[in-house]
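Here is the structure we will look at.
The values are calculated or read from the model by the stated rules, or taken from the named source; none is laboratory data. No experiment lies behind these values; they were computed from the predicted model shown. FYI the Cβ positions are ideal-geometry reconstructions off the backbone, even for glycines, and counts take in every protein chain you see. Accessible surface is based on the protein model in full, side chains and every heavy atom, while ligands, DNA and RNA are left aside. Shrake-Rupley method; radii C 1.70, N 1.55, O 1.52, S 1.80 Å.
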Amino acid sequence: MAIFTKAIRIIAAALALLMAVPMTAGAVSSYQGYVYDFEGNDIYSINPYLFLTSIDGTDMESGPLKGPEDLFIARDSTIYVVESGNNRVLHINAQKQVLGIYGDLEGDGALNGPKGVFVTENGDVYVSDTLNRRIAKFDKSGQFIQDFGVPESPLLPGGFVYSPSKLIVDKRGYMFVVSEGTSQGLLQLKPDGTFAGFFGANHVPYDWTRIAVRLMASEQQREQLSTVRPPEFSSIFQDAEGFIYTTTLGVEENQVKRLSAVGVDTLNMNGSQTYGDLYLPIRNNQELQTAIVDVSVNANGIITALDRTTGRLFQYNKLGDMLFAFGGFGNQDGLFKTPTSVAESPDGMIYVADQTRNRIDVFYPTPFAQLVHKASELYVDGKYEEAFRPWQQVLELNSNYDLAYYSIGKALYRQQRYKEAMSYFKIVGDQADYSNAFKEYRKIVIREQFGSFMSVLLALMIASIAIRLIVRNMSARKKRQEGVRTL
Amino acid sequence: MSMFRRMRKVLFHPLQFMEDIRDEGGAYVRDIAVILLLTVCTRIFFLMASGFSFVNVKPYSVSVFLEVLWIVLPWFTWSVSNWAVSTINDGEGKFKDIAVVSAYVYLPYIVITVPLTLVSNVLSQGEGSIYGFINSFMLVWMLFLLLLQVKVLHDFAWGKTIWTTLVSVFGMLLVWFVAVMIVGLVNQSAYFVTNIIKEIGFRS
């Protein structure tokens, strides 16, 4: 009986303990985040972002969203949503309160299928009114001010069709407009709407088959070949420092570019970088192509790109190193149907507009992502020593994160701890950096061991001379003896 | 003459070595086994013990079977192809001699790769040109031995030697092509027959 009550008491105690210990909060996600390692394998990673909520407008006074095309998040974290279905731009905050509506029901301020929005620091709202072939400008209160129609210039090619989609306005008031179907570059418009020139044009990618076909084709066949145009832009973004980021469709690499003031790409400095997935599914015997449709860059230079082919978001640091991939297609929360735009708010939330589901999904960063961001920002700024500890914490959470090994290797190299740096570079298979670290390490070893090395060499030399002398001596004695014998 | 002395002769007096084999015989089939085994060991040593600055191979990705295949197969097909081609072209070489001497062509690879692998552990990529130079020197040496083998064993002039070598290489590729084709066809027909048997099984 005593044993029985004791057992009950133990069970009760165990149950009480179980209730007292908080159950680990595991957020179940509809997708699995991953990252490409240095060898190009996709390695599962802790999810960098998780679904928080979605904004569909059904509980807002402005009514449900319809066809959200573009997102713009202002410095005060308020969100501007272009609704091409409702022909308006909605200004809301993260608490789903409506702050303003741009786009009149009729008159000059009425929009028709708008596709892009940009808000200046003083609150002027520029909307590309795509089907009306103009850019409409509203003031902060929603009052229509003026519009900029089809630009005219002898520089514009014949048969030019103006179809403005995404746009930004720089600090001087110049507008940079993506015109759909225009491959000469971004349209740069002066503050009064006159054409100032093309900006940052893409180049026709090199293609062997095209050259071969051109060589073999006859004069008439050549005329019938479709002329190859440079790939066109899909979106444009201006970061806090005023750099312009563009995204390009129909290319395999350098889909995201950071353009300098003269239109030169400063992001992909070492030639070429593939954004999005490295391996895509094959349909109709052809590999699908990544289609980066929008990009957002936060104040620390973390780039978030949205791929419409896989429905995934890809994050990169300022140098273009991949940090994470997450998201995908599906019906669950956190997955998309037709994602059109991505924007990051100053507090680190990621907003993604979905045209088909008529809603905006909001994602929050996990502690893992915050850690990687922190480490990566310190690393990019050249603060290798400070980045050391966060990178190690990243590895404690995810020991398959190659960028952490590489960055720690770099930090160790900077601290002249070459031997340790070598082992980190070896883990990620980076032969060039390994070799550099090894070269320095070798110098140190040779410098330290020079004395003993030389004394060993000296000893060997003396020994070899001694042996040679002895051998010569012995053979001479042998000969002498033989000589005696023959005598 | 011990095998060690034969090897030394191949390395330092190849012409004399091959002439002796042609005129007086003395090609030992057991040499083939030893040389090929040493070559495979050297290859594995190279993959496993090279400095990371030069060779980045993960141990799990090394297949001993494949390494053996890529050493034995070229030697064997070369011997067959060269024997066949040179016999048509009035070559004097016997198959045994060709097989043995062809195996000896791997000798510079063994002699150079082993020290080079050790040295690669103290070189950085900046000194990669030395590494590359020694590697290409080795290849030239092997090519020289190969050409010399064709020339001496069959008693050809240089022009004919080079022509025969090129045709032999073509013959090698042809052998591989036919082998792959035969494997494919046998595979397909085996699949066909087993499927028919299966189907009969289902219907009866």
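General remarks:
- Residue match in segment B:78-92 (condition: part of a helix (DSSP H, G or I), buried (at least 19 other Cβ atoms within 10 Å of the Cβ), touching a His at 6+ places or on another chain (Cβ under 9 Å) and small (Gly, Ala, Ser)): yes
- Total residues in segment B:93-127 satisfying the condition of being in a helix (DSSP H, G or I), within 24 Å of B:LEU11 (Cβ to Cβ) and within 14 Å of another protein chain (Cβ to nearest Cβ): the figure is 1.
- Note on segment B:2-16: among residues that are touching a residue at least 24 places away in the same chain (Cβ under 8 Å) and surrounded by 14 or more Cβ atoms within 10 Å (Cβ to Cβ), the one that is farthest from B:MET138 (Cα to Cα) is B:ARG6.
- Pick from segment B:54-71, criterion away from every other protein chain (no Cβ under 14 Å) and touching a residue at least 12 places away in the same chain (Cβ under 8 Å), ranking: least open to solvent (accessible area, probe 1.4 Å): B:ILE71
- Residue within segment A:109-119 that is modelled with pLDDT under 90, of a type outside the set (Val, Ile, Thr) and assigned to a loop (DSSP other than H, G, I, E, B) present: yes
- Which listed residue, of A:GLY85, A:GLY123, is closer than 30 Å to A:LEU52 by Cβ, open to solvent by less than 20 Å² (accessible area, probe 1.4 Å) and either among the hydrophobic types (A, V, I, L, M, F, W, C) or in a loop (DSSP other than H, G, I, E, B) (or both): A:GLY123
- Hits in segment A:184-242 (condition: within 25 Å of A:ILE302 (Cα to Cα) and surrounded by fewer than 17 Cβ atoms within 10 Å (Cβ to Cβ)): A:ALA201, A:ALA240, A:GLU241, A:GLY242
- Within segment A:148-160, being in a loop (DSSP other than H, G, I, E, B) and surrounded by 21 or more Cβ atoms within 10 Å (Cβ to Cβ) holds for one residue alone: A:PRO151.
- So A:LEU403, is it touching a residue at least 60 places away in the same chain (Cβ under 8 Å) and assigned to a helix (DSSP H, G or I): yes
- Segments classed as strands (runs of 3 or more DSSP E), wholly inside segment A:321-392, with at least 2 members that are charged (D, E, K, R): A:359-365
- Complete set of residues in segment A:312-350 that are touching a Ser or Thr at 6+ places or on another chain (Cβ under 7 Å) and among the hydroxyl-bearing types (Ser, Thr, Tyr): A:THR338, A:SER345
- Strands (runs of 3 or more DSSP E) contained in segment A:216-260 and holding at least 1 residues at pLDDT 85 or above and of a type in the set (S, T, N, Q): A:233-238, A:244-248
- When the test is whether a residue is out of contact with any Phe, Trp or Tyr (no Cβ under 9 Å at 6 or more places or on another chain) and either closer than 23 Å to A:GLY276 by Cβ or of a type outside the set (S, T, N, Q) (or both), A:PHE176 does not pass it.
- Residue in segment B:27-45 that is in contact with a Gly (Cβ under 9 Å, 6 or more places away or on another chain) and away from chain A (no Cβ under 14 Å) present: no
- Residues satisfying the stated conditions in segment A:126-136, i.e. open to solvent by 10 Å² or more (accessible area, probe 1.4 Å) and under 18 Å from A:PHE237 (Cα atoms): A:TYR126
- Within segment A:426-453, considering residues that are farther than 17 Å from A:SER407 by Cα and touching a residue at least 24 places away in the same chain (Cβ under 8 Å), the one nearest to the other protein chains (Cβ to nearest Cβ): A:GLU440
- Among the residues making up segment A:284-318, a single one is open to solvent by 50 Å² or more (accessible area, probe 1.4 Å), closer than 20 Å to A:LYS337 by Cα and of a type in the set (A, V, I, L, M, F, W, C): A:LEU288.
- Inclusion of A:SER407 among residues that are at negative phi, open to solvent by 60 Å² or more (accessible area, probe 1.4 Å) and away from chain B (no Cβ under 14 Å) is not warranted.
- Scanning segment A:161-183 for residues that are under 19 Å from A:ARG258 (Cα atoms), outside any strand (DSSP E or B) and open to solvent by less than 20 Å² (accessible area, probe 1.4 Å) yields a single hit, A:SER183.
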